[in-house]
Amino acid sequence: MVAIEALADKFNYWVYIVIMMIGLYAMVSKNNLIKKLIGMSVFQTAIILFYVSIGYKDEATIPILYHDQVHGAHHAEEGDHSDEGAHHDETHAMEAIAKEATHHGNDHAVDADHAEVDEHEADHVIDAHVMHNESDHAFEAGHGGLDIDPNQFENPLVHVLMLTAIVVGVATLGVGLAITQKLYGEFGTIEEHEIIEQLRTGND
Amino acid sequence: MIILIFLILTAFISLRVKDLLSAAMIFGVYSLLMCLLWAGMGAVDVAFTEAAVGAGVSAVFLISTILRTSRRSSD
Amino acid sequence: MKFLGLLTVLITGFLLIQAERDFPDWGDVNSPASSYKLSQHYITQTFAETSVPNMVTAVLADYRGYDTMFETVVIFTAGIAIIGILRVFGSNIKPDHPEVVLTKKKPDLIVETTCRLLIPIIQLFALYVVAHGHHSPGGGFQGGVIFGASFILLALARDLQYAQQWVPENRILNLAGIGIFIYAGFGVASLLLGGNFLDYGVLTAIIPGDVKDAHSHSMLGVEIGVAFTVTAIMFSIYSSLSSNGHMKEGI
Amino acid sequence: MTEQAPILILLFPFLTAIFVALLGAKVPAASWPLTIASLGASICATLTTLIQVLENGTIRYYVGGWAPPFGIELRIDGLNALVAVTVATVAFLGAIYSKDRVESETENKGPQYYALYLLLAAGLLGIVITGDAFNLYVLLEIAALTSYALLAMGNKRATLAAFKYLIMGTIGASFYLLGVGYLYIKTGSLNMVDIQEQLIANGLQDSSTVQVAFIMITVGLWVKMAFFPLHAWLPNSYAFGPTTSSSIMAPLVTKVMIYVMVRMVLTVFGPVYAFEVLDWGNIVVWLAVIAILAGSIGALAQKDLRKMLTFLIIAEVGYMVGGVWLVDETGMTGAIYHIISDAFMTLCVFLFAGIVFAKTGARDIYAVDGLFKKMPITMIGFIVGAFSLIGIPPTAGFFSKWYLIQGGINSGNWEYVIALLISSLVNAVLFFRIIEIAYFGKKPAEGHIHHHGDDHTKISEAPITQLIPLLGTAAIILLIGIFNKDLVAVIQDFLEPFNLVAGIR
């Protein structure tokens, strides 16, 4: 029973190892170049799964603040976007974004109820720039005017890291596929052993 | 839990199957499952990206290369 | 080779399982990664410091904006790399082996009409994803990929040349470069205004609002830059791969 | 703007790369001057940084104004600054060399080549100056993607080698990423200095996760630097890629990876953890010995000039990995010194190989037949590089090897010392054979090896854009050798706080 619990507690971590090993095996021992690249993608996603698992917390929610948590400061924008649906040109999009930006700015200026809070926050930002080193902000939750329990939200940092890793993965896949096509143009095959055979027999 | 088991299955099958086009499609399924899993774990941004990049664009890249080269695989 | 592969896999797997024994439990709120000041700071202070409710966007574009800039550069590099590897300029170079000949069909009416309806909606959604990245999941990358996918859909439904009428190759590359210049431009602007690279706080001099707003608005700006690059490069990679570097026909 | 110098190191090549890529379609001729100018500016920035470091100690540059560990920091100390100067200079010299060769070797893709070249330089410089473990991964991938593309632009052998490199490189980088993930799960931090503080503060010395993280990062980097059993991708890719590409990649990519390994050992894990808690120094030194011997034997077996040089790179990697794990301050000094001197020596011999290939069109070592009479200046440049690889004073190679051997003797690793001496002997045999062929014009007796005597009559001195980098490199090798005391002083200043002497087993 204890063993099963131990397994369940870390089940994600077991699965990522299994997937990663499948991918690694394909990368090392498959002959087909495209199979190798699929293996590479599987391998990379397994690592991403590992990172995302680090960020998971029981009973936590996605790392985006609720509207009531941000004092309703952003209600205005929700309406805007549906209105802007008619434009789909890039220049229009820029305008729309600029409009949103002004809204955003106005909200802070107009919203008298929270002016004080905002000021407080602004001070805090300046503080933060200077004092990050010394003070440990983890224990100052709520100081910035927001009452947030860190355990309520998942760790956003790993998500950021993994966005980068996904992008790197697709970039590598693209370059790999391009090389594969070039090899096919030169050898007429995408099987590695056939290519090596051609190189050995050919007089290149 | 079920998604995790299916993940292993799809990863395995996509690397086993000899027809590369099906391998690419199953890889797309794998990515989509992965994306569901991450969405379930609360990593919405990552899941969103994976849905667009992994299941969408990567699969298209793979398929366009397969159509430009050869569809059969020896292993 | 098979045996060697299996051996590598077994050794690596064994090592990883060794490491895994010492992990904190899955979902444990007291694990070092969750309880260390780094992630807690991002959760509790992001809104106070940048007024962006989506912490992922804030960390991506502000705290770790330097990473993200290079992430964009990775995409750009991939685009240039694929052009460098595959692109065939002119038509005098013949490959040693005959190309795969793809039977070319007339565009199907249903497919074409559906795409004509879908593509504007996809593009609109992409813009929404970019613009609304501060408040909901999304941002430059996702939006850019979706926008690029709409062009890919166009090329799939008709053919590559048709899509290239809308987005010619050289313009695509310019767009990609402009995206990075927008991103780096925010960095250079903050350099010129006396701050460190990508320090959006000093941009209050040219962006209306207080320090928080400067952060928030600059983030939107860099996300747009990212979206430009990703859109352009996704389509560029697709058109190189699908046409074997000739930029004709496609699949 | 001097306080902004760290970021400028990177910004010049990186922004110019994009500019070159965009402008290339319209004005291809502008690519080369822009490349040269940006790399020149980058050298100035690295030198400024080096001077600042020497005057004021470690520079910590907070990108985005966020203090670490919340933001990303560029952390530059004596080691970084030296390696950054080396990288920028080598890239600059390699770029000068590229001018006449690019068009013919890359099928008229000059602008793309220069854009990728600059991005590679920017990626490597970024790796060198960053202080954040994850940022390093991103830059590692930029450097890797550009390398794959630069190699795949070559002939078909190079394309296959590039594919192998892509697979191996991705495995290496992913292992590194996984290692960083393990560190993150145990410490919660990504900043290099902060990780070490957390490792000590949380008492994680015995954690198996941290041990595996160490193994993963080290093995991942070994794959990237082609340490012996993991070297399979290197020889063919550098030997058959375009000569212009290998003239920057051969000197820089492996050396920067060795720098990363030193950084990981000293700054992230800390010498106490890496050398005392995990007492694997002996095993690694033995692996290094095997790598040195294997590289040397491999080089002896080659008839292809550039392929022979690639095997020498593998041997040199063995020197440096061994030197780091000798657990001795002199050995570590030697390893760091060797990073710098080896970058220039490899550049020198690869430039020579490129010139010979360009002039004769032949790859094997008999291509140098009688070149002394035809291109004496080129040969002088080559001889300096060759003497440095053999280890003849007053070249840089002699002094770095001297410190490595001293370190081996101090720590009692005699097998390492012997391997180093054997390898130097092999280098002597190899290079004196080439010099002999070049000087006496001796043809192989068998006669079945290529005849290209008739083209030889036309061969004259290499063009000026190829001579300048070759002679510049030769001059720098001599300078590094002559001013060895100053260089060693800088390195030892850097090593002092790590207290490596106490770490002797």
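The values are calculated or read from the model by the stated rules, or taken from the named source; none is laboratory data. No experiment lies behind these values; they were computed from the predicted model shown. Counting neighbours? That spans all protein chains shown, and the Cβs are built from the backbone with ideal geometry, glycine included.
Is it the case that segment D:328-349 has a residue that's over 30 Å from residue D:279 (Cβ atoms) and touching a Phe, Trp or Tyr at 6+ places or on another chain (Cβ under 8 Å)?
Among the residues of segment D:328-349, at least one is over 30 Å from residue D:279 (Cβ atoms) and touching a Phe, Trp or Tyr at 6+ places or on another chain (Cβ under 8 Å), which makes the answer yes.
Looking at (1) at pLDDT 50 or above; (2) away from chain C (no Cβ under 11 Å); (3) over 23 Å from residue B:32 (Cβ atoms), which is the one condition that is false for residue A:48?
It is condition (3) that residue A:48 fails.
Taking residue B:68 and the conditions (1) of a type in the set (Lys, Arg); (2) in contact (Cβ under 8 Å) with a residue 12 or more places away in the chain; (3) more than 17 Å from residue A:23 (Cα to Cα), which numbered condition does it fall short on, given that it satisfies the others?
(2)
Can residue C:2 be described as more than 10 Å from chain D (Cβ to nearest Cβ) and of a type in the set (Lys, Arg)?
Criteria met by residue C:2.
Collect the residues in segment D:220-233 that are at pLDDT below 85 and of a type in the set (A, V, I, L, M), keeping them in residue-number order.
D:230, D:232
May I ask you to say which residue of D:90, D:63, D:128, D:102 is among the hydrophobic types (A, V, I, L, M, F, W, C) and more than 22 Å from the chain's Cα centre (by Cα)?
Going through D:90, D:63, D:128, D:102 in turn, the sole match is D:63.
Looking only at segment C:126-149, how many residues end up being away from chain B (no Cβ under 11 Å) and assigned to a helix (DSSP H, G or I)?
Number of matching residues: 4.
Listed residues D:78, D:71; which is surrounded by fewer than 22 Cβ atoms within 10 Å (Cβ to Cβ) and either within 14 Å of chain A (Cβ to nearest Cβ) or touching an Asp or Glu at 6+ places or on another chain (Cβ under 8 Å) (or both)?
Of D:78, D:71, the one residue that is surrounded by fewer than 22 Cβ atoms within 10 Å (Cβ to Cβ) and either within 14 Å of chain A (Cβ to nearest Cβ) or touching an Asp or Glu at 6+ places or on another chain (Cβ under 8 Å) (or both) is D:78.
Could you tell me how many of the residues in segment C:32-59 are more than 7 Å from every other protein chain (Cβ to nearest Cβ), assigned to a loop (DSSP other than H, G, I, E, B) and of a type outside the set (Val, Ile, Thr)?
Adding up the residues that qualify gives 1.
In this structure, does residue D:239 turn out to be touching a strand residue (DSSP E or B) at 6+ places or on another chain (Cβ under 9 Å) and among the aliphatic types (A, V, I, L, M)? Spell out the reasoning first.
Values: touching a strand residue (DSSP E or B) at 6+ places or on another chain (Cβ under 9 Å): yes; among the aliphatic types (A, V, I, L, M): yes.
Against the criterion (touching a strand residue (DSSP E or B) at 6+ places or on another chain (Cβ under 9 Å) and among the aliphatic types (A, V, I, L, M)), residue D:239 qualifies.
Which of the residues that make up segment A:145-196 are closer than 19 Å to residue C:44 by Cα, within 17 Å of the chain's Cα centre (by Cα) and within 7 Å of chain C (Cβ to nearest Cβ)?
A:153, A:155, A:156, A:157, A:159, A:160
Just for segment C:68-124: of the residues that are in a loop (DSSP other than H, G, I, E, B) and closer than 30 Å to residue C:180 by Cα, which one is modelled with the lowest pLDDT?
C:90
So, in segment C:172-203, of the ones that are under 21 Å from residue D:71 (Cβ atoms) and surrounded by fewer than 18 Cβ atoms within 10 Å (Cβ to Cβ), which residue ends up farthest from the other protein chains (Cβ to nearest Cβ)?
Taking the candidates together, the pick is C:193.
Pick out the one residue from D:125, D:82 that is at pLDDT 90 or above and more than 30 Å from residue A:157 (Cβ to Cβ).
Just one listed residue meets the conditions, D:82.
To keep it simple, each residue is scored yes or no on (1) surrounded by fewer than 21 Cβ atoms within 10 Å (Cβ to Cβ); (2) farther than 22 Å from residue A:27 by Cα; (3) free of Cβ contacts under 8 Å to residues at least 40 places away in the same chain; (4) at the interface with another protein chain (Cβ under 7 Å from one of its Cβ atoms).
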| residue | (1), (2), (3), (4) |
| --- | --- |
| B:15 | no, no, yes, yes |
| B:39 | yes, yes, yes, no |
| B:49 | no, yes, yes, yes |
| B:55 | yes, no, yes, no |
| B:60 | no, no, yes, yes |
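Answer yes or no: is there a residue in segment C:218-237 that is over 18 Å from the mean Cα position of the chain (by Cα) and crowded, with 22+ Cβ neighbours inside 10 Å.
no
May I ask you to verify whether residue D:193 is farther than 22 Å from residue A:16 by Cα and either in a helix (DSSP H, G or I) or touching a residue at least 40 places away in the same chain (Cβ under 8 Å) (or both)?
yes
Checking the conditions here, which among B:31, B:14 is in contact with a helix residue (DSSP H, G or I) (Cβ under 6 Å, 6 or more places away or on another chain), within 13 Å of residue A:38 (Cβ to Cβ) and modelled with pLDDT of 90 or more?
Unique residue meeting the criteria: B:31.
May I ask you to list the residues in segment C:7-23 that are assigned to a helix (DSSP H, G or I) and either touching a Lys or Arg at 6+ places or on another chain (Cβ under 7 Å) or at the interface with another protein chain (Cβ under 7 Å from one of its Cβ atoms) (or both)?
Matches in segment C:7-23: C:8, C:9, C:12, C:13, C:15, C:16, C:17, C:18, C:19, C:20, C:21.
For residue D:18, are the conditions met, namely being buried (at least 19 other Cβ atoms within 10 Å of the Cβ) and within 13 Å of residue D:113 (Cα to Cα)?
Considered against the rule, which asks whether it is buried (at least 19 other Cβ atoms within 10 Å of the Cβ) and within 13 Å of residue D:113 (Cα to Cα), residue D:18 comes out as yes.
Grab the helices (runs of 4 or more DSSP H) fully contained in segment D:266-362, keeping just those with 1 or more residues being surrounded by fewer than 21 Cβ atoms within 10 Å (Cβ to Cβ). Walk me through it before giving the result.
Values: elements: D:281-300, D:305-325, D:329-360.
Counting at least 1 such residues, we get D:281-300, D:329-360.
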